[in-house]
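Q: What follows is a single structure, and I will ask about it in a moment.
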Amino acid sequence: KKMGKGKSEDPKYGKRKEKAKMQLKRNIGYFDGVSFIIGSIVGAGIFVSPTGVLKHSLLNVGVALTIWTASGLVSLMGSLCYAELGTALPFSGGEYSHIKRGLGSLPAFVFIWTSIFTKPASNAARALLFAEYATQPFYGICPAPEVLKKCLALAVLWSLGILNGHSVKMAAWVQTVFTLLKMMALSVIAIGGIVLIGWRKDSLARFEDAFSSEIPNASQIAEAFFQGLYAYGGWWSLNYMAEEMKNPSRNIPLTVITAVPAVIVFYLLVNISYLTVLTPKEIVSSVAVAVTWADRVIPSVAWIIPVSVAVSIFGALNSSVFTLGRLSYAGSQSGHLPILISMLNVHSCTPAPAMIFSTTIASIFIIPSDLIMLTNYFGFSAWLMIGLTCASLIVLRYREPHLHRPYKVFLPVPFVMVAMSFFLVVAPIVWSPNLQYVYAFLFMMGSLVVYLPFIHFKLHFAFLDKITCHLQLLLEVSPADESAENKCE
């Protein structure tokens, strides 16, 4: 029996059942958001090699701890800028969506073109590092076979890709569990250091005379600052899930204000703990600082640290897989990627095609892992995009003054972030020029070759529609915002 528009009859009860639009569901709460931010920031670095800051600080403990604090504060300022954009424009895609709104289609396309290359490569690197730590205990002092590590990396990558493509709630639950586990491991190190400070009087001397050793020059401080900011990378991840946050106008700022300061405190406590047990020279020369710390402090259960490293990498990889899928989804919605990628699974309302797309690209990088090394020269592009995003905030403040902004950051903060981003983009290229930077820049400009015919002039091939139709049926996906039975609750 034909019912009214947008309604159908329930065969069991004879009642009318509303049809709902296909859209991402707001399943991510405050604690999930905190877990995603902390899980994105805290990877293997703080466990394995927090030596860069200390090395470039010329083993000056006071300068190193100051740079850790300053790097955290810069990250906090950036995350507060993103919080304003996320609450005013709560859409998937993070920086991509904000750059497109503030600066236009072309800069946004350059961003997504670069991200499609660099972010999957970063995921591939994380998966390989996880495989390294997961397999090495079974081989002792011998290196694990490369084929085994690559197979395990692919298995982990696809497991997380399938999980994130199947259920947002399950992905958020996994993220929360693994974030709690890694924070427990960091707590063991932090609390252990606080306890040892009271027992080891010699360790206090390092902090009492913290600034007594050689003071680094400006370029060395800048290098140390780069290392510190890299360790805080991932603070921008929350904006990729703004469209799925419950009450984003409240939860986005609250989540940022909780998560980033918590990471700053933990990073400082962990570094103080390392300095309590090890000398600055021992820290710089150690391959894995946390493992060396555990061998000294808790030798009977030192195996906890390698396991914690694997757990930390797994959590960071899950968060990165989640956000990369949302970036692809947002790019497709704007017409910058094939339309299939913006479709949602009709059963789970998750961007399954976007997850398959991003996971496939990451898998390609795992096979010839040497390609991952090339992405090191794209590090400047991350801060370029952060600068463009903060510039978008400034532009929108003046161009759209009446845009509803539940949270507004102090206006000088985005100006500081734009200046900081410009410095972090230019400085590495000026101080250590390398031909690879030219290749990276040419790759970014190569986006124009695709943008002009396919985006600007809208060149289209009819046979792609047939392929899209077949894949749509195979994957059971539907365009977002198209009416469908409400199976997504």
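Q: Expressed as an acute angle from 0 to 90° and rounded to the nearest 10, what is the orientation of the C-alpha long axis of helix 248-277 relative to the principal long axis of the chain?
A: For 248-277 against the chain, the angle is about 20 degrees.
Q: Sticking with this one: Classify segment 154-242 as rounded, prolate or oblate from the Cα gyration tensor: take a ≥ b ≥ c as the square roots of its eigenvalues, call it rounded if a/c is under 1.5, otherwise prolate when a/b beats b/c and oblate if not.
A: It comes out oblate by the Cα gyration axes.
Q: Could you work out [θ]222 nm for the chain from helices alone, using -39500 (n - 2.57) per DSSP H run of at least four and dividing by all its residues? Round to the nearest 500 deg cm²/dmol.
A: Only helices count here, giving -22000 deg cm²/dmol.
Q: List the relative contact order of segment 48-123 as a percent without decimals, with contacts defined as Cα pairs under 8 Å and 6+ residues apart.
A: 13 percent
Q: Further, regarding this structure: Pop out the carbon and sulfur fraction of the accessible area of the chain as a percent, whole number, probe 1.4 Å.
A: 68 percent
Q: What ranking do 420-427, 244-251 get when scored by the average of other Cβ atoms within 10 Å per residue, highest first?
A: Output ranking for 420-427, 244-251: 244-251, 420-427.
Q: Next up: Leaving out ligands and nucleic acids, and using a 1.4 Å probe, what accessible area per residue does the chain come to in Å²?
A: Ligands and nucleic acids excluded, the result is 46 Å² per residue.
Q: Going by average Cβ neighbours within 10 Å, how do the peptides 167-176, 445-454, 136-145, 89-98 rank, with the highest at the top?
A: Peptide ranking by packing, descending: 89-98, 167-176, 445-454, 136-145.
Q: Still on this structure, I have one more. Return a whole-number percent for the relative contact order of segment 317-447, with Cα pairs under 8 Å and 6 or more residues apart as the contact set.
A: 19 percent
Q: I need the shape label for segment 30-479. Rule: rounded when a/c is under 1.5, else prolate if a/b > b/c, else oblate, with a, b, c from the alpha carbon gyration tensor.
A: The shape class here is prolate.
Q: Another one. For the Cα atoms of the chain, what angle does the longest principal axis make with the long axis of helix 379-399, in degrees from 0 to 90, nearest 10?
A: 60 degrees
Q: Sort segment 135-289 into rounded, prolate or oblate with this rule: let a ≥ b ≥ c be the square roots of the eigenvalues of the Cα gyration tensor; rounded if a/c is under 1.5, and if a/c is not under 1.5, prolate when a/b is larger than b/c, oblate otherwise.
A: It comes out oblate by the Cα gyration axes.
Q: Would you tally the net charge around G78, using a Cβ to Cβ cut-off of less than 15 Å, leaving G78 out, and scoring K and R as +1, D and E as -1?
A: Cβ neighbours under 15 Å give a net charge of -2.
Q: Quick one: angle between helix 412-431 and the longest Cα principal axis of the chain, in degrees between 0 and 90, rounded to 10, please.
A: Helix 412-431 sits at roughly 70 degrees to that axis.
Q: Taking the Cβ of P406 as the centre, find all other residues whose Cβ is under 10 Å away and add up their charges (Lys, Arg: +1; Asp, Glu: -1).
A: +2
The values are calculated or read from the model by the stated rules, or taken from the named source; none is laboratory data. As the structure is a computational prediction, the values presented were derived from the model and not from experiment. Note: ideal-geometry Cβ built from the backbone for every residue, glycine included; neighbour counts use all protein chains shown. Please note that ligands, DNA and RNA were not included when accessible areas were found on the heavy atoms of the full protein model with its side chains. Shrake-Rupley method; radii C 1.70, N 1.55, O 1.52, S 1.80 Å.
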